[in-house]
Amino acid sequence: MISTKGRYALRVMIDLAEHGGEGYIPLKEVAERQEISKKYLEIIVKELIKEKMLIGLGGRGGGYKLCRKPEEYPVGEILELMEGSLATVACLSKDAKPCSRAATCKTLPMWAEFDKMVHDYFYGKTLEDLL
């Protein structure tokens, strides 16, 4: 399940993409438009800046803006940054230890196929598509 953190990160990114022509956008404006707590958004944008998905500028005339064009942000990249692995089952996450049952597991191919569909779906959509 995608948490509020992942969903709100997408909303922030979409909002900044929509208003990107206006330069740096104050977080207060984003919070008001999206009806999300500014304090919660501060946590989210801090991570987005750390991972070089946003640029922040303090002071008068400051705020946040995208580092790239909206079509260069796959939704999957944003969600994985906020959520960690989107793997359905623990054994398929990137950091998973090898499973001793993998060779005989009857359900592993199904989970792997499902995970590929989820990955391809979210990485096949960009912020531009959501605009």
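Measure nothing but the geometry: give the 0 to 90° angle between the long axis through the Cα atoms of 4-18 and the longest principal axis through the Cα atoms of the chain, rounded to 10°.
50
List the GluC sites (Glu not before Pro) in the stretch 13-115 that DSSP assigns to loop (not H, G, I, E or B) and whose Cβ has at most 10 other Cβ atoms within 10 Å. Which are they? Write out the running numbers ahead of the final one.
Details: sites: GLU18, GLU22, GLU29, GLU32, GLU35, GLU42, GLU47, GLU51, GLU71, GLU72, GLU77, GLU80, GLU83, GLU113; in loops: GLU35, GLU51.
Passing both the DSSP loop test and the Cβ count: GLU35.
Which value in nm describes the separation of the simple spin-label points at LEU130 and HIS19, placed 7 Å from the Cα toward the beta carbon?
Computed distance between label sites LEU130 and HIS19 equals 1.6 nm.
Below 8 Å between Cα atoms, with a sequence gap of 6+, how large is the relative contact order for the chain in percent? Could you put the intermediate results ahead of the total?
Numbers: 147 pairs, mean separation 39.2, N = 131.
Averaging sequence separation for qualifying contacts and normalising by length gives 30 percent for the chain.
If the reach is capped at under 18 angstrom between alpha carbons, list the aspartates and glutamates near LYS116, excluding any in the same chain fewer than eight residues apart.
Filter leaves GLU77, GLU80, GLU83, ASP95.
At 7 Å along the Cα-to-beta-carbon direction for both THR107 and ARG7, put a label point, then send me their distance in nm to one decimal.
Result for the modelled spin labels: 2.6 nm.
With +1 assigned to the C-beta of every Lys and Arg and -1 to the C-beta of every Asp and Glu, and no other charges, what is the dipole magnitude of the chain about the Cα centre in debye, to the nearest 20? Numbers along the way, then the final one.
Numbers: 20 positive and 20 negative charges, 98 e Å.
Dipole magnitude for the chain comes out near 460 debye.
Taking a probe of 1.4 Å, how large is the accessible area per residue of the chain, in Å²? Don't jump to the answer; show the numbers that get you there.
Numbers: 8380 Å² over 131 residues.
Per residue, the chain has an accessible area of 64 Å².
For mean projected area of the Cα convex hull in nm², which listed value, [x] 6.9; [y] 9.2; [z] 8.7, comes from the coordinates shown?
[z]
The values are calculated or read from the model by the stated rules, or taken from the named source; none is laboratory data. The shown structure was predicted, so the numbers you read here are calculated from the model rather than taken from an experiment. Virtual Cβ from ideal backbone geometry, glycine too; neighbours counted across all protein chains shown. All accessible areas refer to the heavy atoms of the entire protein, side chains included, with ligands and DNA or RNA removed. Shrake-Rupley method; radii C 1.70, N 1.55, O 1.52, S 1.80 Å.
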